[in-house]
Amino acid sequence: MTSLQIGKPAPAFKAPVVGGNYNTGAIVSLADLKGQTVVLYFYPKDNTPGCTVQACALRDGWKRIQKKAAVFGVSVDSSSSHASFIKKQSLPFPLISDETKEIVQSYGMWVEKSMYGKRYMGTERSTVIISPDGKVLAILNKVKPAEHLDLVLQALG
């Protein structure tokens, strides 16, 4: 697990992606995104209440955010689950499928969680903003779904 630090290089990744300008079966890597500001928002699961609120807020604020950064949601769900989520919620941005958990682990987002006294591993709802030269610009940890869009826009300036 990498300890993310502002100003340090973001961990490289290469993974399946669907939605936005990506066709089914596409692969995206951090290297492909060089020259753009990138928002990687990590979320626990497609089609769950909090994740839907978070994704739909980004969708509804799309006109304000799309000129500032390339946005990618990241979860351990499959590409087919992502495709269904994108279609159901009319999401304009792509979702990265991290079924191997390589990205969530390298970014430190695969964490122990607790619900109703039960402990389990899952994705922390957090966002990493990466500069055009591949360095970490901002880390938004444990964001609340309804506040996420405003925090991202504030971090992007």
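For the reader, a short list of remarks on this structure follows.
- Exactly one residue out of Ser78, Ser97 is closer than 18 Å to Lys14 by Cβ, of a type in the set (S, T, N, Q) and in contact with a His (Cβ under 7 Å, 6 or more places away or on another chain), and it is Ser97.
- So Ala57, is it in contact (Cβ under 8 Å) with a residue 40 or more places away in the chain, under 27 Å from Lys113 (Cα atoms) and out of contact with any strand residue (DSSP E or B) (no Cβ under 8 Å at 6 or more places or on another chain): yes
- Residue in segment 121-131 that is in a loop (DSSP other than H, G, I, E, B), over 20 Å from Lys34 (Cα atoms) and without any contact (Cβ under 8 Å) to a residue 40 or more places away in the chain present: no
- Residue satisfying all of: in segment 104-129; among the small types (Gly, Ala, Ser) and modelled with pLDDT of 90 or more; nearest to Gln154 (Cα to Cα) among these: Ser126
- Among residues of segment 78-102 that are among the hydrophobic types (A, V, I, L, M, F, W, C), those with a Cβ under 6 angstrom from a residue that is surrounded by 21 or more Cβ atoms within 10 Å (Cβ to Cβ) and assigned to a loop (DSSP other than H, G, I, E, B), sequence gap 6+ or separate chain, pair up as Phe85/Asp46.
- In this structure, Ser81 qualifies as surrounded by 18 or more Cβ atoms within 10 Å (Cβ to Cβ) and within 16 Å of Gly19 (Cα to Cα).
- Where a residue in segment 20-38 is under 11 Å from Lys135 (Cα atoms) and its partner, wherever it lies, is part of a loop (DSSP other than H, G, I, E, B) and aromatic (Phe, Trp, Tyr), with Cβ under 9 Å and at least six apart: Leu30/Phe13
- Flag for Ile86 being in contact with a Gly (Cβ under 8 Å, 6 or more places away or on another chain), of a type outside the set (Phe, Trp, Tyr) and in a helix (DSSP H, G or I): yes
- Filtering segment 13-40 to residues that are touching a helix residue (DSSP H, G or I) at 6+ places or on another chain (Cβ under 7 Å) and under 26 Å from Glu112 (Cα atoms) leaves Phe13, Ala15, Pro16, Val39.
- Matching residues, segment 55-89, being within 13 Å of the chain's Cα centre (by Cα) and small (Gly, Ala, Ser): Ala55, Ala69, Ala70, Gly73, Ser75
- Within the option set Pro92, Pro132, Pro49, being surrounded by fewer than 21 Cβ atoms within 10 Å (Cβ to Cβ), more than 15 Å from the chain's Cα centre (by Cα) and modelled with pLDDT of 95 or more holds for one residue only, Pro132.
- Of all residues making up segment 139-148, the number that are outside any loop (DSSP other than H, G, I, E, B) and farther than 15 Å from Phe72 by Cβ: 4
- Listing of strands (runs of 3 or more DSSP E) fully contained in segment 1-45 that carry 2 or more residues being under 14 Å from the mean Cα position of the chain (by Cα), at pLDDT 95 or above and within 12 Å of Pro94 (Cα to Cα): 14-19, 38-42
The values are calculated or read from the model by the stated rules, or taken from the named source; none is laboratory data. Predicted model, so just to flag it, every value in this text is computed and none were measured. Quick reminder, even Gly has a Cβ in these numbers, built from the backbone with ideal geometry, and neighbours come from all protein chains shown.
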